Structure formats: C-alpha cells, structure tokens
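See structure below.
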Amino acid sequence: MQLAMDSNDILIVGVGGAGGRLVAGLAGLVPDPLHTAVIDTDAGALAASGATSKLQIGSHLTNGKGAGGDAGLGRRVATEDVEMLRGLVADAGLVLVLAGLGGGTGSVVTVELLKAAGLAGTPSLCFATLPFGFEGKGRSDLARGVVPEIREATDGLILLPNDKLFKSTGKETVSEAFPKAEQELGMCVLALWQLLTKPGYLNASASDLAQVAKPERGIASLAWAEGRGRRRGQSAVKHLLAHPMIDGGAALAECRSVLVSIVAGEDLTLKDLSDIMAPIKAACGDETDVTVGTSIDPEWKSRLLLTLIAARPGGWSGVAASRSVAETAETDEPPPLVENPNATVRSGVQTTLQLDPVGRGRFENSDPTILDGEDLDIPAYQRRGIKL
C-alpha cells in the first residue's frame, strides 16, 4: 500500500472571489481539518472566509476592494506583494490552487502564486474555471490570455469551462446551480486530496496527478460521478461517461492519459473495479495511459465516488503562450483555443496554374513517340486536359 502524504503538507489555496468560495465549501465535506488559504484583494470576502490562512494583497492599491477585472491592476498587486505569496507556499509539500479565470485577481495573481511555488521547489496543480459564454469578451479575453502563463508556471492544469460545469449540475435556477456546481467541484478536489492522504491498495501519487495534467499533454478535464448500493460501480461509471466535461465520454478516445480516482468504503470489491474500469478502458484509445488510484474510507460504505482527469491533445497556440496577460488585455483579439495546434489548416479555393504549353524543343523535327494513338512527347496533363 502506498505511503500517505501528511494532510498538513497539502495546501489548498483559493485565489480571488471564485477560488475563495470553492475553498469555503470544502470545510464541511470532510471531518479532517484541511490546510487551506484564501488570497484576495477584497477585505470583505476575506473576513467571511473560514480558511486557515487569509492573505489580503494590494490593500493600498484597491482600497480593500476587488480588482474589478483589471488585469493591469492585478499585475501590480501581485508584483508588489509577491514576497507574501512566496511565504505562503514556502513550506508546503504540494499546492492545490483553485481559481476562477476572467477577473483581475483570480487570473493574474494565480500566475504569480504558481511562479512562487515553482521558485520554492513546491509542486503545484491548478484547477481553473473559465467564464460563461454570456459573460462578455473582456472576461473571456483575459481568461484565454492568462492560460499560457499558468501552463508555463504549474506542474498540472485542469480547465473547467463554466458552461460545461453548470450543465453537469442538472439545475436550472441560479440559486441551485451555483452552490451545486461549487459543491461538486469541491468534492472532486477533496477526492484527489483523499487519494493522496488516505490511499488504498491501488497507488496514485501526486506525481501521477501531475503527469496526467501536465501542460504539454494538452488540455486536462475533470469529470465525476457517484454511485450507491449494490450496483454502485455500474451506476457511477454510466454517469461518469455521460459527463458534459468529457463530452459524454467522446473525449476519452482522444486522450493521451487518464487518471481514475475511486473513493469507496471497505466493501469495495474486485467486481466493482471491473465494472468501473472496463467501460472506461473501452472508451479510451489503444495508446491511452490509464492510472487507477483508490482511497478506502469507512464513511463511504455502500457508495463510491469516481473522479476522472483526462488530458486530450491541443491547447492555446504557441503565439498566445508568448504574450503576457497585460498584453492580451490591451489587444482586441483573444488567443485562440485550438483542439490540435499542430494540425495543418488549409483554406481558400484551388486555382488553375498558368502554365504555358510545352513544346518539343530540339526534337521539333523528329518523329513523335506514338503509343496507342497518343503522343508521349506531350506531357500527360496536357494530353488528358488536366488543369493544375
């Protein structure tokens, strides 16, 4: 059995308003104390947080309020208080960062926090939500612009488009959908935390998590499902493979690597494992690397939680990766999100090449080479009327 990480070695950090709400919802989901922190410019949001550590940054630049989606302000705040960020992550064994991209704090400060972790030699994983389609071009541009910097700074990045995240809740009203989405995402983070701190007989380490979600593998997605009762494995995997975050299971065929976390009680059986993994393997491509980890918890008797991280090829283009957030915020066009940046894109209409008729040159006075009635001295494309 794998040796567990000390739960105090794992620091869960929420950045900005969305990240802070996600961290706030974690405390009531597990009986064990979590090592959590919240970073924000908003003094009111920090005061309401129950995180272990609270870090207010840029107080004199924002007057204790949010950055208001201002990437330039977020950058100044993060740069000025970078030593505070470095101090926060200095002693951690692993940093899990939760953030909502599109705002000035959540976007830019996340980059600086991950850079600080890298300088401290601390591995990091970042879970980042992307704005709704209806939130407007400004937030979308900022979110897309910051992703290449995050990918450069972290060991693993998992992107969660809000449109897909909220579709998975099955709730229509705002008052139900937001808490449900935050609770489900929180459960996934805790499932991975539990996989590291309370492992079972199938091993998955922090390096396994980072290996699946490392930026060069593409865009990593997160999906989850819960099963209960005698057919819990079959039920959970059925719902997992229908999850919007992996396009109803279709995305798995393209994935280079997949990690499956199973949190279950001591009554987990080999049949449960077979019921879960056989359909997942069938949905994946032949070359997909699949890692399975289990966490056994007596509190989960007769039920289980599946959490899947899947990385498919693609990502933000190399051009976008070379641009800073501040530069992106000042331009009109966002960096494009492409499923396969190496694919050759062809466009336009093929035209006919303007080729002059080919003569016989110095063989003009020689007898032609005739075969089956065709003059072989004349190029085939001309004999057959083919346009080039």
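We did not get these values from a lab; they are worked out from the coordinates using the rules stated. Note that the structure is a prediction, hence the values are computed from the model and not measured. Every residue, glycine as well, gets a Cβ built from its backbone with ideal geometry; the counts of neighbours run over all protein chains shown.
Relative to the Cα centre, the charge distribution of the stretch 231-288, modelled as +1 at Lys and Arg Cβ and -1 at Asp and Glu Cβ, gives a dipole magnitude of about 160 debye. For residue 35, the residues whose modelled amide H falls within less than 5 Å of its own, excluding neighbours fewer than 5 places apart on the same chain, are 12. With contacts taken as Cα pairs under 8 Å at a separation of at least 6 residues, the stretch 204-309 carries a relative contact order of 40 percent. With the largest listed first and rounded to whole Å, the semi-axes of the equivalent ellipsoid of the stretch 199-313 from the Cα gyration tensor are 23, 15, 11. Here each label is just a point 7 Å from Cα along the line to Cβ, and for residue 137 and residue 282 those points are 4.7 nm apart. Hydrodynamic analysis of the stretch 1-198 uses the Kirkwood radius over alpha carbon pairs. Inserted into Stokes-Einstein at 20 °C and 1.002 mPa s, it gives a translational diffusion coefficient of 128 µm²/s. Which of the listed residues, 245, 218, 200, is farthest toward the dipole's positive end in the stretch 199-313, when Lys, Arg count +1 and Asp, Glu count -1 at the beta-carbon? Going by the charge dipole, the pick is 245. Computing FRET efficiency as 1/(1 + (r/R0)^6) for residue 299 and residue 60, where r is the C-beta to C-beta distance and R0 is 56 Å, gives about 0.75. Among the trypsin sites (Lys or Arg not before Pro) in the stretch 272-306, those placed in a DSSP loop whose Cβ has at most 14 other Cβ atoms within 10 Å are 301.
Think of the stretch 146-211 as a dipole: +1 on every Lys or Arg Cβ, -1 on every Asp or Glu Cβ, centred on the Cα centre; then among 209, 147, 168, 168 lies furthest on the positive end.
For the charge dipole of the stretch 1-198, defined by +1 on Lys and Arg C-beta atoms and -1 on Asp and Glu C-beta atoms about the Cα centroid, which residue among 34, 102, 121 has the Cα displaced farthest towards the positive pole? So the residue furthest toward the plus end is 102. Do the alpha carbons of any pairs in 54/115; 167/198; 238/301 sit beyond 26 Å of each other, and which pairs? Listed pairs above 26 Å: 167/198.
Please report the relative contact order for the stretch 1-198, taking Cα pairs under 8 Å with a sequence separation of at least 6, and give it as a percent rounded to a whole number.
After rounding, I find 22 percent.
Stretch residue 230-residue 269 to full length: gain in nm at 0.36 nm per residue minus the Cα-Cα span?
Difference between extended and current length: 13.0 nm.
When each of the peptides 248-259, 174-185 is scored by the mean number of other C-beta atoms lying within 10 Å of its residues, the order from highest to lowest reads 248-259, 174-185. Modelled this way, with points 7 Å down the Cα-to-C-beta line, the labels at residue 205 and residue 90 are 2.7 nm from one another.
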